[in-house]
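Just so you know, all these numbers are worked out from the coordinates, no wet-lab data involved. Only a predicted model underlies this, so the values are computations on that prediction, with no experimental measurement involved. Note that we place each Cβ from the backbone using ideal geometry, even for glycine, and neighbour counts take in every protein chain shown.
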Amino acid sequence: MKAKSDNLKRVIVDFKKLTPEILALLVEKYPFGYDENHIVKFKNAKGESVEAVEVVSGDTKYLVKVSVKLEMTMENYDEDDYEDFDDNDPDAIQDPIEEDDDDF
């Protein structure tokens, strides 16, 4: 007997394609961040190793590629930052600004 999750469409999401909706799902599922136990490892169609975290919305399982940018964006998440954007707008998520200690 197949589990319900077997019928989900799988979508691999790179940070550049991250939308406010998917970011909100990630923060809701991993409010304290994700760790090694949450990371799924697989080979993509090109045979490259990929590490991702999973979130589900409707009939879709999103596999969001793990990166430093993703961690920083989740840590600094504020839904008010995205209220002027459409939930599916990948341009809404900006690269996080890395803090530089040399600015002092």
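Summary of computed values
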| read-out | value |
| --- | --- |
| Per DSSP, loop GluC sites (Glu not before Pro) in segment 20-89 with at most 14 further Cβ within 10 Å | GLU48, GLU83 |
| Ellipticity estimate at 222 nm from DSSP helix runs (n ≥ 4, -39,500 (n - 2.57)) divided over the chain, nearest 500 | -5000 deg cm²/dmol |
| Low-density loop positions, trypsin sites (Lys or Arg not before Pro), segment 23-64 - DSSP coil, at most 12 other Cβ in 10 Å | LYS46 |
| Angstrom value of the Kirkwood radius, inverse mean 1/r, which spans all Cα pairs in the chain | 14.9 Å |
| Which of ILE39, LEU70, PHE85, positive extreme of dipole for segment 16-92 (C-beta unit charges) | ILE39 |
| Dipole moment magnitude, nearest 20 debye, the chain about Cα centre, only Lys, Arg, Asp, Glu C-beta charged | 1480 debye |
